[in-house]
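Worksheet: the structure to be examined is printed underneath.
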Amino acid sequence: MHCPSPRRKLSLPAVVACAAALTVAGSAVADVWDDSPPYAGKQRFYQVITAKHSGLNLNVPEASTKNGTQIIQWKQPGAMNEQWEFVTNSIRNRWSRQCLTVDSTAQGAPVVQRPCDGSSAQKWDLVTHQDDGGDYNYFNIRNQWSRLELNVAGGSGQYGALLIQWPHVPRSPNAMFSKTSTEVTD
């Protein structure tokens with residue numbers, strides 16, 4: 001549920017809808033989710049998220065803006081569809097303005113992009129595990145709803161390999177990621 005900015009006048013039905021969203025879902029999304037396109041003149045910090053085993057980046061294939069597009073690994077330096085913004089535990093793509101999402105708690109479920117709604121299916125924690133050998137340059141990305149981690153399916157090192165969620169496997173390089181930051185004015 002996306003509630004309008006509090007700076008705008010709201011009709012009674014809009015206020016009731018936002019209150020209902022807060023009651024049912026536990027939170028509503030307000031100004032945190034700026035729907036502005038990636039060229040609106042705002043200072044933002046983006047991350048390129050890279051898989052340890054392949055050196056390839058999280059990517060929205062073909063710069064798709066379609067809801068439900070499954071995330072892949074790819075490498076195209078400077079591409080906006082490989083740049084991600086961390087906003088209140090959600091990870092939003094610079095190009096599509098959609099968030100990493102899981103639609104299921106099942107292991108092996110695809111990681112897709114969906115419009116940002118602040119739900120726990122879109123909340124991710126960056127986790128370092130003692131059993132991963134203490135390499136703190138890398139981390140796992142765990143979904144708060146499913147408690148499963150972002151993973152490159154089958155440990156593939158190929159371009160276009162799909163991202164899924166999977167239980168933690170110690171020292172599994174296809175579930176370990178690094179990030180590099182870039183500050184830009186959109």
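Coordinate-derived values only; no laboratory data. On a predicted model such as this, the values are computed, not experimentally measured, just so you know. Virtual Cβ from ideal backbone geometry, glycine too; neighbours counted across all protein chains shown.
Values computed for the structure shown
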item: Count - residues of the stretch 110-152 that are closer than 17 Å to His168 by Cα, outside any loop (DSSP other than H, G, I, E, B) and in contact (Cβ under 8 Å) with a residue 12 or more places away in the chain; result: 17
item: Matching residues in the stretch 80-91 - criterion: being under 20 Å from Leu162 (Cβ atoms) and within 8 Å of the chain's Cα centre (by Cα); result: Trp84, Ile91
item: Residues being among the hydrophobic types (A, V, I, L, M, F, W, C) and touching a Gly at 6+ places or on another chain (Cβ under 9 Å) - total across the stretch 69-92; result: 2
item: Residues of the stretch 99-118 that turn out to be touching a strand residue (DSSP E or B) at 6+ places or on another chain (Cβ under 8 Å), surrounded by fewer than 23 Cβ atoms within 10 Å (Cβ to Cβ) and of a type in the set (S, T, N, Q), as a count; result: 1
item: Options Asp117, Asp125, Asp131; residue that is over 15 Å from the mean Cα position of the chain (by Cα) and either among the charged types (D, E, K, R) or closer than 20 Å to Arg44 by Cα (or both); result: Asp131
